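To keep things clear, I will list the structure first and then write my remarks on it.
The values are calculated or read from the model by the stated rules, or taken from the named source; none is laboratory data. Computed from a predicted structure; not experimentally measured. Neighbour counts are summed over all protein chains in view; Cβ atoms, including those assigned to glycine, are modelled from backbone coordinates with ideal geometry. Note: areas computed on protein heavy atoms with side chains; ligands, DNA, RNA excluded. Shrake-Rupley method; radii C 1.70, N 1.55, O 1.52, S 1.80 Å.
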Amino acid sequence: MRSFIRNTIVALTFVCSFVPHSIKAADVPHSLDIWRQPGVHALMRHAIAPGTGDPKNFAIGDCNTQRNLDEAGRNQARAIGARVREAGILLDVVLSSQWCRCLETAKLLGLGNVIETPALNSFFRDGSTKKIQTDQIIDRLRALPEDSNALLITHQVNITALTGVYPSSGEIILFRFGDNDVLEMLARLTL
């Protein structure tokens, strides 16, 4: 039992050493400067959509069967998009999960044409696709030109699988590929 506890503490210490702390309000301009750099990508959890998971009758393409953004979520997405535009951040590609709350977030951000990307779909209900989808996202990003900037709108489980971070609604994780194509997290940003 002691060995298990010791190993767990060592593992958590190792993981936490790579997870950046949330950005304080005073640090937001610095984070936006980071985001402007070539090759920096952003993972964003969809805007506020009350509840957890989706109803049992969930169907892609039928928003009536899904958990959706509420007015606070719509306002949040618009405000984030405005802040990003004001900061002069240019994106080469905007990718989104096919879930309605992600697509609506992406469209309300108004940061570019939105490309539906099945690999960004939630695997909350069925974790068996976690590795495949995570690998597909990494491969998709590696295929972009080195100096491009992508925004990916997705779900908590997908972001956690890629980064170890448990993001809040509308939170943005900035990252790039470091040496040996290792995902290097740069900042957590709440606008």
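Data table
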item: Of T117, A143, C100, farthest towards positive along the dipole that unit charges on Lys, Arg, Asp, Glu beta carbons give the stretch 78-188; result: C100
item: Carbon plus sulfur fraction of accessible area for the stretch 75-166, probe 1.4 Å, in percent; result: 51
item: Those residues of the stretch 99-141 whose amide nitrogen sits under 20 Å from the label point placed on R85, 7 Å along Cα→Cβ; result: 102-115
